[in-house]
Amino acid sequence: MASANWVELSKDKDSGIETIHAHFEGHAYDPHWHDSYLVGVTQYGLQQFSCRRQKHQSLPGKVFMLEPGEIHDGDAVQPGGFTYQMLYLDPHWLSRELAARRGSLSFAGDPSFENTLAQDPQLAQATSLAFQALHGKELRIVRQTALDGLLSALGGHLTWQPPQHEKSTPWSRVSHQTREYLHAHLHEDIGLEQLAAATGESRFVVSRAFKAEFGLPPHAYLIQLKLTRAREWLALGRTPAAVAADLGFADQSHLGRWFRRAYQLTPAHYRRLCTNLPD
C-alpha cells in the first residue's frame, strides 16, 4: 500500500455494520466483491470504479451503492487521489430493518439498488451522519437514530423484485455447478481438474463458462470466497495463522498478500480493528 494511502475501520457491535474511512492514490482495489450492501459517499477527489459492466466516476457528494456479490474495483485517476466514507450493511440486518419499517406489508425478494451512483444531497448527508455516529462510537440512541435516517433516505433508491429465475445460457449448467463446488470446498486448495471432474467438462470450458456467467475466473472467485470467510473469522478473534491454515492458504503470509490486495489491510490489523485484540 502506497505511503499516501490510509484506511480507518471500525465495527458496530449492535448492528454488525463496518465503517471505513479511506484515502487512495493510484490503484486502490483489484476486482472483488463483498457479502454486504455497501453505501458510501465520496468526500474528495475523483473515485473511479467498474461495476455492473460499466465504469463509474464518483465526485464529492455523490453516493455509491453496491449489492452483495457485485464485482467492483477502484482507482484514483487524478493527482491527489480520493477519500471516501463507507458503511458495510449486513444483509440480514438491512432486510430485518426494512421489513420492520414496512409493517405488515409483505414483499418478495431481496432489497436491490436501482442505481450504482446517486446525486442525492439528502442521502449523502444521511450516509455521512450514519458513518460519523457509528465510526465515532456515539451513544446507542444516536447511532440508532442516524441509521433510521439512512434507511429513510435509502428508500427512494431501493426496489424489491421477485427472485429471478436463472437465465438459461450455453454456460449455465457448467458455471452454476462450478460455483456450487467452489462454495462446498472453499476450505480446500482446489485445482481446475477437480472442477472439470465435477462438471464433466474440460478445464478450459469450465474457465470460459464461469467467467462469462459471473465476471471472474474460478480462481479469483475462490479467493474472494476464502477472503470473505477470513474476514468473518478474524472479526470473531481467530488468529491469522489459524484462519490461513483452515482456509487452505500455504501460510499466514500467503493469506496476508491476498488480504492486502483486496482490502488494503493486513489480517492482523483487521482483526485488531474489529476486536481490540493485539496483533
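The values are calculated or read from the model by the stated rules, or taken from the named source; none is laboratory data. The shown structure was predicted, so the numbers you read here are calculated from the model rather than taken from an experiment. As a convention, Cβ positions derive from the backbone with ideal geometry for all residues, glycine included, and neighbour counts pool all protein chains shown. Ligands, DNA and RNA are stripped out before the accessible areas are found, and what is left, the full protein with its side chains, is counted by its heavy atoms. Shrake-Rupley method; radii C 1.70, N 1.55, O 1.52, S 1.80 Å.
Please report the projected area of region 54-158's Cα convex hull averaged over all directions, in nm².
7.8 nm²
How high is the FRET efficiency between Ser172 and His27 when r is their beta carbon distance and R₀ equals 30 Å, given to the nearest 0.05?
Numbers: r = 33 Å, r/R0 = 1.11.
After rounding to 0.05, the efficiency reads 0.35.
Tell me the net charge near Asp189. Cut-off is 14 Å between Cβ atoms, Asp189 excluded, with +1 for each Lys or Arg and -1 for each Asp or Glu.
-3
As an exercise, use a Förster radius of 30 Å and the Cβ-Cβ distance of Glu114 and Glu232 to find the FRET efficiency, rounded to the nearest 0.05.
0.55
Relative to the compact-globule scaling 2.2 N^0.38 Å, provide the ratio for the alpha-carbon radius of gyration of region 1-92.
1.04
How much accessible surface does His219 have with a 1.4 Å probe, in Å² rounded to 10?
120 Å²
At 7 Å along the Cα-to-beta-carbon direction for both Asn276 and Lys211, put a label point, then send me their distance in nm to one decimal.
Going by the 7 Å Cα→Cβ label model, 4.7 nm.
Using the Karplus equation 6.51 cos²θ - 1.76 cosθ + 1.60 (θ = phi - 60°), what ³J(HN,Hα) coupling, rounded to whole Hz, does each residue of region 234-239 give in order, writing x for Gly and Pro?
5, 5, 8, x, 5, 6
Give me the percent relative contact order of region 121-279, please, defined on Cα pairs under 8 angstrom at least 6 residues apart.
Relative contact order for region 121-279 comes out at 15 percent.
Any chance you could check the Cα centroid distance between region 186-216 and region 1-58 for me, in angstrom?
29 Å
For region 134-279, just the Cα set please: Rg and Dmax, both in angstrom.
When restricted to the Cα atoms of region 134-279, Rg and Dmax are 19.6, 57 Å.
Please compute the length gained on full extension between Gln132 and Arg260, using 0.36 nm multiplied by the number of residues separating them and subtracting their Cα-Cα distance.
The Gln132-Arg260 span can extend by a further 43.6 nm.
With charges only on Cβ, +1 for K and R and -1 for D and E, what is the dipole size of the chain about its Cα centre, in debye, rounded to 20?
60 debye
Around Pro218, what is the net charge, scoring Lys/Arg as +1 and Asp/Glu as -1 over all other residues with Cβ under 14 Å from its Cβ?
Net charge around Pro218: -1.
Roughly how many Å² is the accessible area per residue of region 41-100, as a whole number, for a 1.4 Å probe?
With all protein chains present, region 41-100 gives 42 Å² per residue.
Just flag the trypsin sites (Lys or Arg not before Pro) in region 33-80 sitting in loop per DSSP whose Cβ has no more than 12 other Cβ atoms within 10 Å.
Those that pass, being in a loop and sparsely packed, are Arg53.
When the accessible area of the chain is split by element with a 1.4 Å probe, what percent falls to carbon and sulfur?
C and S atoms contribute 52 percent here.
Please work out the FRET efficiency for the pair Gln125 and Ala197, using the Cβ-Cβ distance as r and a Förster radius of 35 Å; give the result to the nearest 0.05. Let's see the in-between values first.
Numbers: r = 54 Å, r/R0 = 1.54.
For Gln125 and Ala197, the calculated efficiency is 0.05.
Just to compare against my own numbers: the Cα pair-distance distribution for the chain, 5 Å bins, whole % per bin, please.
Distribution as computed: 1, 5, 11, 15, 17, 17, 15, 11, 6, 2, 0, 0 percent.
Below 8 Å between Cα atoms, with a sequence gap of 6+, how large is the relative contact order for the chain in percent? Please list the in-between numbers first.
Numbers: 481 pairs, mean separation 47.0, N = 279.
Dividing the mean separation by the residue count of the chain yields 17 percent.
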